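The values are calculated or read from the model by the stated rules, or taken from the named source; none is laboratory data. Quick caveat: nothing in here was measured; it's all calculated off a predicted structure. All Cβ positions, glycine included, derive from the backbone under ideal geometry; neighbour counts span all protein chains shown. For the accessible areas, the whole protein counts, side chains as well, though only heavy atoms, and no ligand, DNA or RNA atoms are used. Shrake-Rupley method; radii C 1.70, N 1.55, O 1.52, S 1.80 Å.
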Amino acid sequence: MVPIRRLPVPGLSNCRDLGGYAAADGVTRFGVFLRSEAPCGLPEAGAQYLRQWGLGETIDLRGEAEIAWRPSALEGVLPYRKISLSGGAETFEQKNLPQGPFSWDKVYIKRAREHSDWVRDVVTACCEAQTPVLYHCTTGKDRTGIISCCLLGAVGVSREDIAADYCLSMVYLQEMFEGMRTGRLTIRKEPSNFEPYVFETPFTAMAAFYDFFTEEYGGIPAYLRKIGVSDAALARLREKFVEPALS
């Protein structure tokens, strides 16, 4: 397998491998985890690329309404599972947003606190997967960003690298964002008028989210243990996701 960070998958613009980051006692291995936007309307060439790459399963982080409106093109092609946030937390209704001025770190922290069962279930599924996994939400930046932060942080990837990885979505999703702005792409059945922050992935947001784990739990591994991710699952994660660095 050629180690490529951003995969040129036909039909996807934000499909990225989590390999190649310095971790504790090594480097993250390519070919273990992919993150992306939702693979909806994926052409056969895109599905074929992912099969040939070696993808074994997909985890869809979207809610039921999102999935019903834009089904995954990989369901029925590869093993597929849904692990959705509960209570409509993926929506931008006021009841699901933190108090005060909007900032993405507040949203992520609220989800990490109030939906720790969802974080536990997704991270555990990723840890225990026997084949390479693609996990995604709608745009591949927010729910996907939370899980990426937890997976990378669990094996000791730095705050700066985790935040830098998150920032890339704002670059790669420009075509999708333009479609959402103009109405050419509708991501849910209900009409949507998007605030500018919907299209942002600021470094400061993911850095502050990482700091939340450090300040309140002593780090991401401690948070994951606290919410019920087992030591055995974290050991499996490290075994498959971290390889020795070149000496």
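Under 29 Å of direct C-alpha separation, and excluding same-chain neighbours fewer than eight residues apart, Lys110 reaches these lysines: Lys82, Lys95, Lys141, Lys189, Lys226. For the range 172-217, the list of chymotrypsin sites (Phe, Trp or Tyr not before Pro) that fall in a loop by DSSP and count at most 16 other C-beta atoms within 10 angstrom reads Phe194. Under the membrane-span-like helix rule (DSSP H runs whose alpha carbons stretch at least 20 Å along the helix axis, mean Kyte-Doolittle hydropathy -1.0 or higher), the chain yields 159-172, 203-217.
Distance between the 7 Å Cα→Cβ label points at Trp69 and Asp117: 2.5 nm. Here the simple spin-label model places points 7 Å from the Cα toward Cβ, and for Ala245 and Ser158 these points are separated by 0.9 nm. Remark: the chain carries 44 Å² of accessible area per residue (probe radius 1.4 Å; ligands, DNA and RNA excluded). Annotation: Trp69 carries an accessible surface of approximately 100 Å², with a 1.4 Å probe and no ligand, DNA or RNA atoms counted. The alpha carbon centroids of the range 36-87 and the range 95-166 are separated by 18 Å. Prolate is the label for the range 1-46, because a/c, from the alpha-carbon gyration tensor with a ≥ b ≥ c as root eigenvalues, is 1.5 or above and a/b exceeds b/c. Extending 7 Å from Cα along the Cβ direction at Ser103 and again at Gln130 yields two label points whose distance is 4.5 nm.
Among the protein heavy atoms of the range 103-247, carbon and sulfur supply 51% of the accessible surface, probe 1.4 Å, non-protein parts ignored. Between Tyr80 and Asn193, the C-beta separation translates, for a Förster distance of 30 Å, into a calculated FRET efficiency of about 0.45. This model, with +1 at the C-beta of Lys and Arg and -1 at the C-beta of Asp and Glu, gives the chain a dipole about its Cα centre of some 220 debye. Note on the chain: Rg/Rh from C-alpha atoms, Kirkwood Rh, equals 0.93.
Taking each DSSP H run with n ≥ 4 as -39500 (n - 2.57) and averaging over every residue of the chain yields -13500 deg cm²/dmol at 222 nm.
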